[in-house]
Amino acid sequence: MKRIGILSDTHSCWDDRFATHFKDCDEIWHAGDIGDISVIARLESVCPVVRAVSGNIDNGIVRRRCHEVEAFTVEGVNVLMTHISGYPGRYAPGTRRLIIEHKAGLMVGGHSHILKVMWDKELNCLHINPGAAGHHGWQKERTLIRLTINDGQFSDLEVIELGKIKI
């Protein structure tokens with residue numbers, strides 16, 4: 001059983017509540033637009049396993065550390081993570097092919113700042129966009145996600161609201 005914390009679009013923002021909400025997680029996944037690499041270092045101080053992909057705003061330092069696409073397996077689930085993924089029925093170019101190629105049961109993306117948790121019936125894949133955790137963007141609410149993966153099954157999925165963005 002693995003408890004997973006998921007966030008995206010921090011845009012260099014650190015909020016101590018990331019640590020509070022993710023302190024009991026076995027892994028933290030960041031779906032891109034990290035901003036400053038220090039965000040990753042701070043997440044690593046919370047949890048020993050941090051997986052992250054680069055996003056369209058990320059600079060060379062982040063891009064040297066974080067690839068555009070990550071594919072891995074956790075508790076029997078093949079996971080695909082990329083920043084610009086789209087969502088079921090409206091995937092970004094190449095995303096559908098990657099889901100099929102990696103036999104992904106979970107697709108994690110960011111970019112849109114729109115929280116979405118959707119089941120793709122056609123590809124038999126859960127799609128998660130955790131929304132945006134930072135203050136940059138037009139989203140009204142900052143959000144994180146936690147879930148548990150156990151022996152190929154998803155449970156205890158929670159949306160955590162961090163409040164309105166600061167302008």
* **Matching residues, region 98-136, being in a strand (DSSP E or B) and of a type in the set (A, V, I, L, M)** => LEU106, MET107, VAL108, LEU115, VAL117, MET118, LEU126, ILE128
* Would you confirm whether any residue within region 62-75 is more than 25 Å from ASP16 (Cα to Cα) and touching a residue at least 60 places away in the same chain (Cβ under 8 Å)? => yes
* Asked: Only one residue in ARG142, ARG146 is under 13 Å from the mean Cα position of the chain (by Cα) and of a type in the set (Lys, Arg). Which one?
  -> ARG146
* Asked: Exactly one of (1) in contact with a Lys or Arg (Cβ under 7 Å, 6 or more places away or on another chain); (2) open to solvent by 60 Å² or more (accessible area, probe 1.4 Å) is unmet by GLU70. Its number?
  -> (2)
* Select from region 74-94 the residues that are more than 13 Å from the chain's Cα centre (by Cα) and either exposed (fewer than 14 other Cβ atoms within 10 Å of the Cβ) or part of a loop (DSSP other than H, G, I, E, B) (or both) and list them in ascending order. => GLU75, GLY76, PRO88, GLY89, ARG90, ALA92, PRO93, GLY94
* Matching residues in region 103-114 - criterion: being surrounded by 18 or more Cβ atoms within 10 Å (Cβ to Cβ) and over 19 Å from ASP33 (Cβ atoms) -> ALA104, GLY105, LEU106
* Just name the residue that is most open to solvent (accessible area, probe 1.4 Å) out of those in region 118-131 that are touching a His at 6+ places or on another chain (Cβ under 7 Å) and at negative phi. => MET118
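Conditions (1) closer than 13 Å to SER8 by Cα; (2) surrounded by fewer than 18 Cβ atoms within 10 Å (Cβ to Cβ), marked per residue:
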| position | (1), (2) |
| --- | --- |
| ARG96 | no, no |
| GLU101 | no, yes |
| LYS116 | yes, yes |
| TRP138 | no, yes |
| ARG142 | yes, no |
| ARG146 | yes, no |
| GLY152 | no, yes |
| LEU157 | no, yes |
* Asked: So which of SER8, SER38 is out of contact with any strand residue (DSSP E or B) (no Cβ under 6 Å at 6 or more places or on another chain) and either at pLDDT 95 or above or under 19 Å from LEU115 (Cβ atoms) (or both)?
  -> SER38
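The values are calculated or read from the model by the stated rules, or taken from the named source; none is laboratory data. Quick caveat: nothing in here was measured; it's all calculated off a predicted structure. All Cβ positions, even for glycine, are placed from backbone atoms using ideal geometry, and neighbour counts span all protein chains on display. Note: accessible area is taken over every heavy atom of the protein model, side chains too, but ligands, DNA and RNA are not part of it. Shrake-Rupley method; radii C 1.70, N 1.55, O 1.52, S 1.80 Å.
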